[in-house]
Amino acid sequence: MKIERYQIEEHNSKLAQSHQRKFEFLAQDIKGTEDIIAKLMKFQIAIPSWALGTGGTRFARFSGGGEPRSLEEKIEDIGVLHQLNQSSGAISLHIPWDIPENIQATKVLAAQHGLRFDAMNSNTFQDQPGQKKSYKFGSMQHVDKAVRQQAIDHNIEVIKYGVDLGSESLTVWLADGSCFPGQLSFKRAFENTLESLQEVYAALPEKWKIFVEYKAFEPNFYSTTVGDWGQSLLYTSKLGPKAYTLVDLGHHLPNANIEQIVSLLLMEGKLGGFHFNDSKYGDDDLTAGSVKPYQLFLIFNELVAGMDAKGMDHATGLGWMIDASHNVKDPLEDLLQSVEAIMMAYAQALLVDTLGLEEARLANDVVRCQEILQHAFRTDVRPLVAEARLRANAAVNPVALFRELQIREKLIGERGFKTVATGL
Ligand SMILES: [Mn+2]
């Protein structure tokens, strides 16, 4: 499924007048509009291969129609998203859910859709068919070296697939932990995990990064072996310069100050990647910006400030990815909404009067600090983000065009009603 260029142009010309009016009105009050638009056009967010189908809850999964049945169809779906917004130019693969059968063909297909391969994701949180040892009691933390070795070997295999595809990073998320007090020694679990990670680290090619993702808890957990940013930072500091902490927005305890975490990790040069989603309670994997858009803006404000302080390129300095699950929405529409919300938070952060904020902070002018931040947050930046899309030959309104072109109906026509994408 590919969108024709004229279809995007027709859509854009219908909206041209109203868009132009809104954009010009907004641009009058913004300093450095062209610079902001250039940054927005460069910023790309990787789409995870597992977010293209309907996700499951702990109890059920209600699959939608026309879901991708293979890695090729997943790449095609992200290609459609990228055509619509020109901001989703990367795919993040999960092994073993998405093992490429023909590496060369997979690379060619991705290139045809303008996509590169972002971080590779390993999986030691499930037992796979034919697997010798079970991860029931953990993987890298396991008391049995043979289980740990299996987890290490798997991660090294994932790196090899990544090398072949042109990826340059590995994300490790472990569901290791315990369900009951006394079940494991915290110290031994940490030491075993560190030793396992060290073996994976040793297998990283030059230029590669390893991201250690943390998560506060699973619903049945008593302890988590990589439970918060402190534990992740401890692992990544001990591992070495290629190891970084990855922040997944949904992996914190309620009310955690994520923007502060982000700021300090950046200060230490240890923030590597980001997983976007939103939640009301914990790890709900909802659409980015759908519940707490102000928090998303505050996080971006710290990201931009921290990256600028270190002279990092916003687009390439960190790994940007969505990690979400779609239970009631069309996954592709949901991903378009997530990308839009991320771009808006980024655009708002670029509007912040950083010099004024710094002055106000040093003068203890708390009111002024709030005025500056909220002025940026309350600016309707949608025309700015749409202008960036327009200039990149994407759609002024991606969700509207997705519906106008009846893309889901066409995918159902091609793939059928009863399709289930691989993943959770
Ligand atoms: Mn994640």
Under 13 Å from the Cβ of GLU302, count the other residues' Cβ atoms, weight Lys and Arg +1, Asp and Glu -1, and hand me the total. -1
Step through the residues of the range 210-223 one at a time and calculate ³J(HN,Hα) from phi using the Karplus curve (6.51 cos²θ - 1.76 cosθ + 1.60, θ = phi - 60°), rounding each to whole Hz and writing x for Gly and Pro. 10, 9, 9, 8, 10, 8, 4, 6, 10, x, 9, 8, 9, 9
How much net charge surrounds CYS369 when only the other residues with a Cβ under 11 Å from the Cβ of CYS369 are counted, with Lys and Arg +1 and Asp and Glu -1? -3
Send over the Kirkwood Rh of the chain, from the inverse of the averaged 1/r over different Cα pairs, rounded to one decimal Å. 22.4 Å
So who's got an amide H within less than 5 Å of the one on GLY177, skipping anything under 5 residues away but keeping other chains? H placed 1.01 Å off N, in plane. THR225
Which ³J(HN,Hα) values, rounded to whole Hz and listed in residue order, are derived for the range 161-178 from phi using the Karplus coefficients 6.51, -1.76 and 1.60 in 6.51 cos²θ - 1.76 cosθ + 1.60 with θ = phi - 60°, glycine and proline given as x? 4, x, 4, 4, 8, x, 6, 9, 7, 10, 9, 10, 10, 10, 8, 7, x, 9
Between ARG378 and THR33, what length in nm is gained on full extension when 0.36 nm per residue of separation is reduced by their alpha carbon distance? 122.5 nm
If you line up the Cα atoms of the range 274-424 on their principal axes, what length do they span on each, largest first, in Å? 63, 36, 27
The answer for trypsin sites (Lys or Arg not before Pro) in the range 222-312 that fall in a DSSP coil and have at most 14 neighbouring Cβ atoms within 10 Å is LYS280, LYS310
Could you give the length gained by full extension between ASN257 and GLN126, i.e. 0.36 nm per residue of separation minus their alpha carbon distance, to one decimal place? 44.1 nm
Return the subset of LYS280/LYS329; LYS215/LYS329; LYS14/LYS410; LYS292/LYS329; LYS133/LYS242 for which the Cα-Cα distance in this structure is over 20 Å, preserving the input order. LYS215/LYS329; LYS14/LYS410; LYS133/LYS242
Once amide H atoms are placed 1.01 Å from N in the peptide plane, what residues at a sequence separation of 5 or more from HIS252, or on another chain, have their amide H within under 5 Å of its amide H? ALA216, ASP283
Ordered by residue, what ³J(HN,Hα) values in Hz, to whole numbers, does the range 387-403 give under the Karplus form 6.51 cos²θ - 1.76 cosθ + 1.60, where θ = phi - 60° and Gly and Pro are x? 5, 4, 5, 4, 5, 8, 6, 9, 7, 4, 10, x, 5, 4, 5, 3, 6
Sorted by chain and number, the residues with a modelled amide H under 5 Å from that of GLY319, at a separation of 5 or more or across chains, are GLY273, PHE274
Amide N proximity, the range 172-203 versus VAL143 label position 7 Å along Cα-to-Cβ, cut-off under 20 Å: 175-196
With a 10 Å Cβ neighbour count serving as the proxy for reagent exposure, in which order, fewest first, do ARG148, ARG116, ARG188 appear? ARG188, ARG116, ARG148
Just how far, in whole angstrom, is the range 1-76 from the range 333-409 if you go by their alpha carbon centroids? 14 Å
Given charges at beta-carbon only (K, R positive; D, E negative), |dipole| of the range 128-287 in Debye: 500 debye
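Every number here is computed from the coordinates shown, using simple stated rules; none is lab data. Since we're looking at a predicted model, the values are computed, not measured. Counting neighbours? That spans all protein chains shown, and the Cβs are built from the backbone with ideal geometry, glycine included.
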